[in-house]
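What follows is a set of notes on a single structure, which appears directly below.
The values are calculated or read from the model by the stated rules, or taken from the named source; none is laboratory data. As the structure is a prediction and not an experimental result, all values here were calculated from the model. Here the Cβ positions follow ideal geometry from the backbone for every residue, glycine too, while neighbour counts run over all protein chains shown. SASA here: full protein model, heavy atoms, side chains in, ligands and nucleic acids out. Shrake-Rupley method; radii C 1.70, N 1.55, O 1.52, S 1.80 Å.
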Amino acid sequence: MKNVVLFGGGNIAQAIIKGLINSGYKKNNIFYIDRSNKNQKILSKLRIKNLENHKSVKVDLFILAVKPKDAITAYREILEKYMNPKIVSCVAGIKSQKYLKINKNIQFLRAIPNTSSEFNLGITALFNSSFKKNNLKKVISLFKRVGIIIELEKEAKIDTFTGMIGSGPAYFFYILKSYEKKLMNLCNKDKKKINNIMVNLMKGVGLSIENNDLDSLINAVAS
């Protein structure tokens, strides 16, 4: 894949874009479509171009990254404007069949990344509906730039993934909020120091998990 278009410029699109840039993907090959002035300003600061101003560009891949309520409208817009587009949907809750019922001849798959893609530590679930093997490999390679890939054999598993991994960072942030409250007293409300402590805590946990099973780690702390 060369020219990639993010249809939607919100949080998950920004995370993917930043991760791609960090991985060395050329900014000149990343475009977006989004009518939000706020998102346009953010993406223009990253020097990502609005496809509306570059309509002659040959698009190799569309990544649908809009809210569920806007997904089908955005999908139809792509179909109306582009011949035989390849589309990856990052939209939760809308199954492949709903898209393919509109047009069953396009190459389509679902990818659910999480926001850690921004730091190239993302986890992305992929379910292929109709991508050809050679192009599927290219999509996998693209998302590997921003983190780990899980290929799912059943689309139903996407919902489990979305709840556990797609929303996973929020669970940890919620836990850290309780740590933050306790640390406020210990660190005299020094916000920067508290953040550094939490970063070290999470990094240490991550490194510990790499080479140990969870039971042994729990026992080591408990002892």
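Things to note:
- For the cross-link pairs 26/67; 137/157; 81/104; 81/137, the C-alpha atoms of every pair lie within 28 Å.
- Derived scalar couplings ³J(HN,Hα) [region 69-86; Karplus, 6.51 cos²θ - 1.76 cosθ + 1.60; whole Hz; x for Gly, Pro]: 5, 9, 5, 5, 4, 5, 4, 5, 4, 4, 5, 6, 9, 10, 7, 6, x, 9
- The residues of the chain have, on average, 61 Å² of accessible surface per residue, using a 1.4 Å probe with all protein chains present.
- Modelled spin-label separation between residue 189 and residue 27, with each label point placed 7 Å from Cα along the Cα-to-Cβ direction: 4.0 nm.
- From the C-alpha gyration tensor of region 136-223, square roots of 5λ in Å: 32, 18, 14
- Difference of contour (0.36 nm per residue) and Cα-Cα distance, residue 101 to residue 44: 17.0 nm
- A straight Cα-to-Cα reach below 14 Å connects residue 98 with the aspartates and glutamates 70, 155, residues fewer than 8 places away in its own chain not being considered.
- Lysines with Cα under 26 Å of residue 181, excluding same-chain neighbours fewer than 8 positions away: 189, 191, 192, 193, 203
- The simple spin-label model puts a point 7 Å past each Cα toward its Cβ; for residue 76 and residue 1 those points are separated by 2.5 nm.
- Packing-based order for 177-190, 36-49, using average beta carbon neighbours within 10 Å, highest first: 36-49, 177-190
- Rg over Rh, two decimals, the chain (C-alpha only, Kirkwood Rh): 1.03
- Taking Lys and Arg as +1 and Asp and Glu as -1, the other residues whose beta-carbon sits under 15 Å from that of residue 36 total +3.
- Ranked by how many other beta carbons lie within 10 Å on average, peptides 17-27, 59-69 from highest: 59-69, 17-27
- In order through region 52-64: 3J(HN,Hα) via Karplus (6.51 cos²θ - 1.76 cosθ + 1.60), integer Hz, x for Gly, Pro: 4, 9, 9, 5, 8, 5, 7, 8, 8, 7, 9, 10, 7
- Separation of alpha-carbon centers, region 201-217 and region 73-150, rounded to whole Å: 32 Å
- Amide H partners (placed H, <5 Å) of residue 150, local residues excluded: 124, 125, 126
- In order through region 209-222: 3J(HN,Hα) via Karplus (6.51 cos²θ - 1.76 cosθ + 1.60), integer Hz, x for Gly, Pro: 5, 3, 10, 9, 8, 5, 4, 5, 5, 5, 5, 5, 6, 5
- Under 5 Å between amide hydrogens, built in the peptide plane, is the criterion, and for residue 89 it picks out 64, 109, 110, 111 among residues at least 5 positions away or on other chains.
- Applying D = kT/(6 pi eta Rh) to region 14-95, where Rh is the Kirkwood radius over alpha-carbon pairs, T corresponds to 37 °C and eta to 0.692 mPa s, the Stokes-Einstein value obtained is 241 µm²/s.
- Under 5 Å between amide hydrogens, built in the peptide plane, is the criterion, and for residue 6 it picks out 31, 32, 33, 63 among residues at least 5 positions away or on other chains.
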